[in-house]
Amino acid sequence: MAERIAMGVEYDGTAFQGWQRQSHGRAIQNAFEAALSAVADEPVEAVCAGRTDSGVHATGQVIHFEPPVRRRLRSWLLGTNSNLPADVSVSWAHAVSPDFHARYSAVSRSYRYLILNRPVRSALHRHRACWVHQPLDQGRMGEAARHLVGEHDFSAFRAAGCQSRSPMRNVTAITVSRQGEWVAIDVSANAFLQHMVRNIAGLLITVGRGEREPDWAAELLAGRDRTAGAFAAPAAGLTLVAVDYPPEFGLPDGRDFAGLPAALPPV
């Protein structure tokens with residue numbers, strides 16, 4: 001029996017109040033642990049790589065749990081999926097060593113913020129993208145984003161209720177790309193503060209609309225004052241697309257299952 005199992009998880013966060021277990025309200029952790037417990041016929045606790053907020057989606061979330069009973073990996077995979085609601089699913093299951101931890105073993109996380117940039121809203125994509133009707137200049141957005149790459153104090157981009165002990169984060173890459181009416185902001189870092197990507201997206205949208213200059217990103221970063229920053233972009237546009245681990249754990253690349261971050265929805 002494997003001492004620990006890791007799983008790749010995807011979910012539509014629209015109807016959930018985030019990942020974290022709740023005594024009242026619908027949480028992804030509650031649904032996931034109920035499904036695992038149904039397979040094991042015993043209580044099972046799951047630990048995730050990143051606790052996504054209410055309305056945020058995932059194609060590359062990773063969890064681990066300690067199986068209380070012997071089951072084949074295929075049984076854990078299919079059994080868990082059979083007991084999950086339609087808006088949560090498992091992509092893969094993998095036996096890992098006891099020293100693997102979904103959160104603390106991760107070396108980087110990647111998010112995509114998706115924007116539908118056209119004059120009229122979408123009925124089909126309203127829960128998976130942020131609609132901006134003003135024209136966006138992705139060149140200006142990319143110029144602003146470059147100021148945020150590197151290790152910095154991201155106090156100006158954290159939520160007021162963020163409980164992280166340190167505001168220091170190392171952003172390894174930010175790209176802004178366009179395909180027709182779709183604009184994607186892809187951000188990778190060692191870890192993220194609460195609402196950090198949504199606040200970055202709000203900044204870049206403001207710059208892309210021509211309301212502020214790209215250098216404003218550097219000013220906000222240096223000022224470390226959240227109240228001086230842009231709006232927090234809506235949760236619906238945000239998706240956790242990948243969590244990366246050292247190769248010795250032998251985990252699949254979540255991007256292979258989700259088709260992200262390279263692909264955009266059809267125009």
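The values are calculated or read from the model by the stated rules, or taken from the named source; none is laboratory data. Quantities reported herein were computed from a predicted structural model and do not represent experimental measurements. Ideal geometry is used to build each Cβ from the backbone, glycine not excepted, and the neighbour counts take in all protein chains shown.
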field: Contacts under 6 angstrom Cβ, first residue in the stretch 150-177 being in contact (Cβ under 8 Å) with a residue 12 or more places away in the chain and in the same structural domain as Trp216 (by TED's automatic domain parsing), partner of a type in the set (S, T, N, Q) and in a strand (DSSP E or B), 6 or more apart
entry: Glu151/Asn170; Thr172/Ser188; Ala173/Ser188
- request: Could you list all residues from the stretch 37-50 that are touching a Phe, Trp or Tyr at 6+ places or on another chain (Cβ under 8 Å), surrounded by 18 or more Cβ atoms within 10 Å (Cβ to Cβ) and within 27 Å of Gln163 (Cα to Cα)?
  value: Val44, Ala46, Cys48, Gly50
query: Among the residues of the stretch 1-30, how many are outside any strand (DSSP E or B), modelled with pLDDT of 95 or more, touching a strand residue (DSSP E or B) at 6+ places or on another chain (Cβ under 9 Å) and buried (at least 17 other Cβ atoms within 10 Å of the Cβ)?
result: 6
- prompt: Can you pull out the strands (runs of 3 or more DSSP E) entirely within the stretch 69-170 that have at least 1 residues that are among the basic types (Lys, Arg) and buried (at least 17 other Cβ atoms within 10 Å of the Cβ)?
  reply: 108-117
task: Output the number of residues of the stretch 210-231 satisfying the condition of being under 20 Å from Asp186 (Cβ atoms), in contact (Cβ under 8 Å) with a residue 60 or more places away in the chain and assigned to a loop (DSSP other than H, G, I, E, B).
output: 1
statement: From the option list Arg158, Arg109, Arg178, Arg169, single residue qualifying as at pLDDT 95 or above and more than 30 Å from Ile5 (Cα to Cα) is Arg178
- prompt: Would you call Ala49 farther than 21 Å from Arg103 by Cα, at pLDDT 95 or above and either touching a Lys or Arg at 6+ places or on another chain (Cβ under 9 Å) or of a type in the set (Phe, Trp, Tyr) (or both)?
  reply: no
message: small (Gly, Ala, Ser) and closer than 23 Å to Gly50 by Cα: which single residue out of Ala228, Ala222, Ala145, Ala218 fits that description?
response: Ala145
query: Is at least one residue of the stretch 77-96 touching a His at 6+ places or on another chain (Cβ under 8 Å), of a type outside the set (Phe, Trp, Tyr) and modelled with pLDDT of 95 or more?
result: yes
message: If I filter the stretch 171-209 down to residues being part of a loop (DSSP other than H, G, I, E, B) and among the small types (Gly, Ala, Ser), which single residue comes out as farthest from Ser108 (Cα to Cα)?
response: Gly180
